[in-house]
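The values are calculated or read from the model by the stated rules, or taken from the named source; none is laboratory data. Everything numeric here is computed off the predicted structure, so don't read it as measured data. Glycine also receives a Cβ, built like all others from the backbone with ideal geometry; neighbour counts cover every protein chain displayed. Each accessible area value is taken on the protein alone, full model and side chains, heavy atoms only, with ligands, DNA and RNA left out. Shrake-Rupley method; radii C 1.70, N 1.55, O 1.52, S 1.80 Å.
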Amino acid sequence: MNPTTLAPAAPIPITRLDQADPALLEELLEVVARVAAKGAFTMGHELEAFEEEFAAYCETGHAAGVSSGTEALVLALRALEIGPGDEVVVPTNSFIATSEAVSLVGATPRLVDVDPRSHLLTADALESAIGPRTRCVIPVHLMGSTADMAPLLEVARRAGLRVVEDCAQAHGARYRGRRVGTFGDFGCFSFYPTKNLGAWGDGGAIVSGDAELANRVKLLRSHGEEPRYHHRIVGTTARLDALQAALLRVKLRRLDAWNDARRRLGATLREGLADTSLELPGAAGADGGDHVYHLFVVRSARREALRTFLGERGVATAVHYPFPIHRTGAYTDLGLGAGSLPVAERLAEQICTLPLFPSMSEDETARVIEAVRDFDMEAT
Ligand SMILES: *Cc1c(COP(=O)(O)O)cnc(C)c1O
């Protein structure tokens, strides 16, 4: 008899946050007490220290902490003076924020289809989308999988485009040895709680190798102010809180180990599911790229039946994302109807995210694999 049917095992969530790790939780609560005792909540030492440590982690010159991943993208575009009349190429298979940032600065997103295997933006798709008003491209390292940057950068360079990398799902991933975020003019990160590096609320960062561009972002995120009450340009309130910065400093020291755990779990799942009906995500380290498995996204022609079956077996699933950006209500104005970007539309109907998080146990991993195998058995 199957031992998992003897006693109902606890459901396996799609991800697990800090409260599941008592030692980490204690360390983080001490940090909260330290910041509260000082009463220094905006700008200051914790933010500057985090920025220095995050730039060093990304192996680049500069980092600016901001209030979210969306703001990171907005401020990057503003620093590059992209606005009304400009077009920015964005893959339609992404979280909506990638496109929203373009809209928020008054520019127009030029949404393009993705590669059916990698689910990511390709150089060919970029090249065919470039028009007289195209100023910039935002490659997205979606799911933790690195976009093939070399050909993208080559097309962008020839067309004179700016490059802003959306690294919100790929903190710490490497492409041909270098960290993501260091290939374009800017790399933009989100610290939304579920990301590979997550805060206790919203947060984000921008990295850049260019001191002048990084400084411009730092001016923009805090009212264009430098020094106090000298407002040089029109900015906004988009700072990373000192409390979040202090928490992120602790977690940053564990990020490489967490990503290693994610890569190991990704390899185990790929191996265990290799001969099933599912189409699996790529391997970490293939073709000079990387995969830090922010999300373990599989593809199934029977996605809804798979989700129901796994749900009944106590395996949580999700869909990232059920609608490509061009098919959301927010972007009906672009006039991209059903069938206009067919690869992403087909993906949205077939993709399914399985549980994968650094503290996932061997038993939990085995149960996910077994549940998928049983799903296949039942279908035959
Ligand atoms: C999470 C995310 C963002 C936005 O980050 P927020 O911090 O939620 O504003 C942008 N792009 C992608 C691909 C994301 O996953």
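What list of ³J(HN,Hα) couplings, whole Hz, do you get for the stretch 363-374 from phi and the Karplus terms 6.51, -1.76, 1.60, once you set θ to phi - 60° and write x for glycine and proline?
4, 5, 4, 4, 5, 5, 4, 4, 5, 5, 4, 5
Pick out which of S361, S99, S128 has the largest mean-square fluctuation in a Gaussian network model of the chain, springs linking Cα atoms closer than 10 Å.
Maximum fluctuation in the GNM of the chain, among the listed residues, is at S128.
What is the stretch 180-297 by shape, rounded, prolate or oblate, if you read a ≥ b ≥ c off the alpha carbon gyration tensor as root eigenvalues and call it rounded for a/c under 1.5, prolate for a/b larger than b/c, and oblate otherwise?
Prolate, because a/c is 1.5 or more and a/b exceeds b/c.
Pick from L295, L80, L197: which residue has the top mean-square fluctuation in a GNM of the chain where Cα pairs under 10 Å get a spring?
Of L295, L80, L197, the most mobile in the Gaussian network model is L80.
How much of the DSSP bridge set in the chain is antiparallel, in percent, rounded to the nearest 5?
On the way: 21 of 36 bridges.
Taking every DSSP beta bridge within the chain, about 60 percent pair in antiparallel fashion.
Say R0 is 41 Å: what FRET efficiency, to the nearest 0.05, do A283 and L17 get from their beta-carbon distance?
0.95
If you roll a 1.4 Å probe over the chain with all protein chains in place, what percent of the accessible area is carbon or sulfur?
Carbon and sulfur atoms account for 52 percent of the accessible area of the chain.
At 1.4 Å probe size, with every protein chain present, just tell me what the per residue accessible area of the stretch 151-206 comes to in Å². Working shown, then result.
Values: 1770 Å² over 56 residues.
That works out to 32 Å² per residue.
Quickly work out the R178-to-E52 label distance, labels modelled 7 Å from Cα along the C-beta direction, and quote it in nm with one decimal.
2.5 nm
Determine how many Å³ per residue the convex hull of the Cα atoms of the chain encloses.
Spelled out: Cα convex hull of the chain, divided by residues, is 139 Å³.
Across the stretch 332-340, in residue order, what do the Karplus-derived ³J(HN,Hα) couplings come to in whole Hz, using 6.51 cos²θ - 1.76 cosθ + 1.60 with θ = phi - 60° and x for Gly and Pro?
For the stretch 332-340, the Karplus curve yields 4, 4, 5, x, 8, x, 4, x, 6 Hz.
Residues in the stretch 348-380, backbone N under 14 Å from the label point at A10 (7 Å along the Cα-to-beta-carbon vector): list them, ranges by number please.
So the set is 359-365.
Tell me, what is the percent relative contact order of the chain, built from C-alpha pairs under 8 Å that lie six or more residues apart?
In percent, rounded to a whole number, it is 21.
At 7 Å along the Cα-to-beta-carbon direction for both R373 and D260, put a label point, then send me their distance in nm to one decimal.
2.9 nm
How would the stretch 55-124 be classified by its alpha-carbon gyration tensor: rounded, prolate or oblate, with rounded meaning a/c under 1.5 and the a/b versus b/c comparison settling the rest? Don't skip to the answer; put the middle values down first.
Values: a/c = 2.02, a/b = 1.20, b/c = 1.68.
Note, shape of the stretch 55-124 comes out oblate.
At 0.36 nm per residue, minus the direct Cα-Cα distance, what do F41 and T276 gain on full extension? Give it in nm, one decimal, please.
Using 0.36 nm per residue and subtracting the Cα-Cα distance, I get 79.5 nm.
Amide H of V319: which non-local residues (sequence gap of 5 or more, or other chain) have their own amide H closer than 5 Å, using H built in the peptide plane?
T353
From the backbone phi of the stretch 78-90, what are the Karplus-calculated ³J(HN,Hα) couplings (6.51 cos²θ - 1.76 cosθ + 1.60, θ = phi - 60°) in whole Hz, Gly and Pro given as x?
Once θ is set to phi - 60°, the couplings for the stretch 78-90 become 5, 5, 8, 6, 9, x, x, x, 9, 10, 10, 7, 9 Hz.
So which residue, out of G65, G288, G335, gets the largest mean-square fluctuation from a GNM of the chain using Cα contacts under 10 Å as springs?
Ranking G65, G288, G335 by mean-square fluctuation puts G335 first.
Give me the distance between the Cα centres of the stretch 110-172 and the stretch 326-380, rounded to whole Å.
Computed from Cα coordinates, the inter-centre distance equals 22 Å.
Under a 1.4 Å probe, what is the accessible area of the stretch 224-342 per residue, stated in Å²? Each step should come with its number before you reach the end.
Working: 5780 Å² over 119 residues.
Each residue of the stretch 224-342 exposes 49 Å² on average to a 1.4 Å probe.
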